[in-house]
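Quick notes on the structure that follows.
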Amino acid sequence: MKTCPLCGAKASDEAATCFECYYSFAEMSARMTEENDAQIRRREIRPVLITPPLPDRCLKVELRRAGRLLRRVVSRRGSIYVGSRDYNDIVLVDNHISERHLHLYRSEGYLYAELLNGQTSLIIDENAHASPAKISDGACIELTDWSLTVQGSA
């Protein structure tokens, strides 16, 4: 395998040109190839540590409208925002939904739903609740003609 000295792309030994930057390997000497390969081998490779999501933080929401499933959203960080703007995890285009309308989150092992638009009550499983409300796994939250089913594990 050859390594392009300009862009660092790998190419087969038979290739005459780098397919990434169109560098001509015919211009590159064998010494340059060896030096370039030695530099690549000398680079320190650090392991990437990816922490697995904590099972007590996972949160899954199913979005439905008129009973039809539209979308599933999974949050590994334990927080989902709902609103009419693009920066929310779930965007609902509706005149009655504010820019940042609802926050679903996990805290200390419990699920919570909190209205952020100044209203005081949430409709959860067809009952009115004060905001923020502790909700059960599988609870259905109604926002105008949208419904969100919240599950505590993904």
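The values are calculated or read from the model by the stated rules, or taken from the named source; none is laboratory data. The shown structure was predicted, so the numbers you read here are calculated from the model rather than taken from an experiment. Don't worry about glycine lacking a Cβ; one is built from the backbone with ideal geometry, like all the others, and counts go over all protein chains shown. Surface accessibility is based on the protein's heavy atoms, side chains included, excluding ligands, DNA and RNA. Shrake-Rupley method; radii C 1.70, N 1.55, O 1.52, S 1.80 Å.
One residue stands out among those in the stretch 123-154 that are over 19 Å from Ser75 (Cβ atoms) and polar (S, T, N, Q): the one that is least open to solvent (accessible area, probe 1.4 Å), which is Ser131.
Restricting attention to the stretch 58-79, the residues that are out of contact with any Ser or Thr (no Cβ under 6 Å at 6 or more places or on another chain) and outside any strand (DSSP E or B) add up to 5. Answer yes if at least one residue in the stretch 59-70 is at pLDDT 80 or above, surrounded by fewer than 14 Cβ atoms within 10 Å (Cβ to Cβ) and in contact with a Leu (Cβ under 9 Å, 6 or more places away or on another chain), and no otherwise. Yes, the conditions are met somewhere in the stretch 59-70.
Residue by residue, here is whether (1) at pLDDT 70 or above; (2) of a type in the set (Ser, Thr, Tyr); (3) within 25 Å of Ser147 (Cα to Cα); (4) outside any loop (DSSP other than H, G, I, E, B) holds:
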{"residue": "Met32", "(1), (2), (3), (4)": "no, no, no, yes"}
{"residue": "Glu35", "(1), (2), (3), (4)": "no, no, no, yes"}
{"residue": "Pro47", "(1), (2), (3), (4)": "no, no, no, no"}
{"residue": "Tyr81", "(1), (2), (3), (4)": "yes, yes, yes, yes"}
{"residue": "Glu99", "(1), (2), (3), (4)": "yes, no, yes, no"}
{"residue": "Arg106", "(1), (2), (3), (4)": "yes, no, yes, yes"}
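Checking the stated criteria, Leu54 turns out not to satisfy the condition of being outside any helix (DSSP H, G or I), hydrophobic (A, V, I, L, M, F, W, C) and modelled with pLDDT of 60 or more.
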